[in-house]
1. Of Ser206, Ser245, which has the most accessible area and how do the rest follow, probe 1.4 Å?
2. Suppose only helical runs count, i.e. DSSP H with n ≥ 4. What mean residue ellipticity at 222 nm does that imply for the chain under -39500 (n - 2.57) per run, divided by all residues and rounded to the nearest 500 deg cm²/dmol?
3. Pairing the Cα long axis of helix 296-311 with the longest principal axis of the chain, what angle in degrees results, from 0 to 90 and rounded to the nearest 10?
4. GluC sites (Glu not before Pro) within segment 114-153: which are DSSP loop residues with at most 16 other Cβ atoms inside 10 Å?
5. From the protein chains alone at 1.4 Å, what is the descending order of accessible area for Lys28, Lys277, largest first?
6. In segment 169-243, which GluC sites (Glu not before Pro) fall in coil by DSSP and have 16 or fewer other Cβ atoms within 10 Å?
7. Taking segment 180-242, which chymotrypsin sites (Phe, Trp or Tyr not before Pro) meet the DSSP loop condition and have no more than 10 other C-beta atoms within 10 Å?
8. Mean 1/r over all different Cα pairs, inverted: what Kirkwood radius does segment 131-204 give, in Å?
Amino acid sequence: MKKLLVAVFALCTLLGGSNAWAQVKLSKEQIVFYTSDWKGDRFPDGRPKLPDDLLKRALDMTIEDVWDFLRSHGYHNQFEGGWQALHIDKPFAGRALTAQYMPTRPDMAKAIAAEGKSEGRVSGTNSWPIAELQIGDVYVADGFGKIIDGTLIGSNLGNGIAAHTHTGFVFDGGIRDQEENREIPNFNGFYRGYDPSFWVDMELTSINAPVRIGRAVVLPGDLVLAKPEGVIFIPAIIAEEAISSAEFTALRDEYNFELNKSGANGGKFEGGWDAKKFDGFEKWINAHPDKVKMPRKEFDDLLAKARGEKNND
């Protein structure tokens, strides 16, 4: 009996010291479950850690070119438009850290507050995700579209996000202190609307769970690309391929635009991609190697694939 009690005590101690019982913040194992196809580096919390250079490359891509690639790979629910922004003309990109909010329910709020206390969390639950952010993250929150009394941040929390990420946020909800948030360096954010009201009758229910932002589905670690046209959430497992494909499309378009300007395309303003045109495209790239951001072999592979697709038309 004594040995049994010792064993039970040891097991309780082990479980009590782990995140096994955490309900709001997903465990590393849960995040890995949702992102199991990712084979690269991860943050300690389990989120896929996309390389910094990919975040920079993404900024030069159009929403349409990325969207086309995602649709062709079965991802039909990754874009959402209709935003207000701190700086609508300044695109930003980063790795998603997700949060979900719901209307307050007293018994649920009590349980979540107790969990936060046991984990040593401080302040309101709308500050908890901010403490988890890393440089290069984008704080993505499902605030169920609430604006009045749904302002997830003011200027103090805005400064907190900026300090942790040097990037910004995407909120399906509202913000307050819009003017002061605009003045924060290295910071941008997309949101549904502004209101001077405080955040009330809302409750954080998850950190780093899958969330819905409008018609888009977002997993922790997704590549978030926010541009004046809207926000697209690129699954980490195909993010590099998506950006390279978009870069290739952009290069083809740039070459084609030059042909249109010179009249060399005749009436084939969009098409006409025969062997001769592909040869000209390759020569143009060789004369402007600085335009290729991806590894040259990757570009050559995409070019060979495009040639093959045309030959099969």
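The values are calculated or read from the model by the stated rules, or taken from the named source; none is laboratory data. None of the values given here were measured: they were computed from a predicted structure. FYI the Cβ positions are ideal-geometry reconstructions off the backbone, even for glycines, and counts take in every protein chain you see. Keep in mind that these areas ignore ligands, DNA and RNA; they rest on the heavy atoms of the full protein, side chains included. Shrake-Rupley method; radii C 1.70, N 1.55, O 1.52, S 1.80 Å.
1. Details: Ser206 10, Ser245 30 Å².
The residues order as Ser245, Ser206, largest area first.
2. Details: 11 runs with 126 residues, N = 313.
Computed ellipticity for the chain at 222 nm equals -12500 deg cm²/dmol.
3. Between helix and principal axis, roughly 60 degrees.
4. Working: sites: Glu115, Glu119, Glu132; in loops: Glu119.
Those that pass, being in a loop and sparsely packed, are Glu119.
5. Values: Lys28 100, Lys277 15 Å².
Order by accessible area, largest first: Lys28, Lys277.
6. Values: sites: Glu179, Glu180, Glu183, Glu203, Glu229, Glu240, Glu241; in loops: Glu183, Glu229.
Answer by residue number: Glu183, Glu229.
7. Values: sites: Phe187, Phe190, Tyr191, Tyr194, Phe198, Trp199, Phe233; in loops: Phe187, Phe198, Trp199.
For chymotrypsin sites (Phe, Trp or Tyr not before Pro) across segment 180-242 that sit outside H, G, I, E and B with at most 10 neighbouring Cβ atoms in 10 Å, the list reads Phe198.
8. Values: mean 1/r = 0.0836 Å⁻¹.
About 12.0 Å for segment 131-204.
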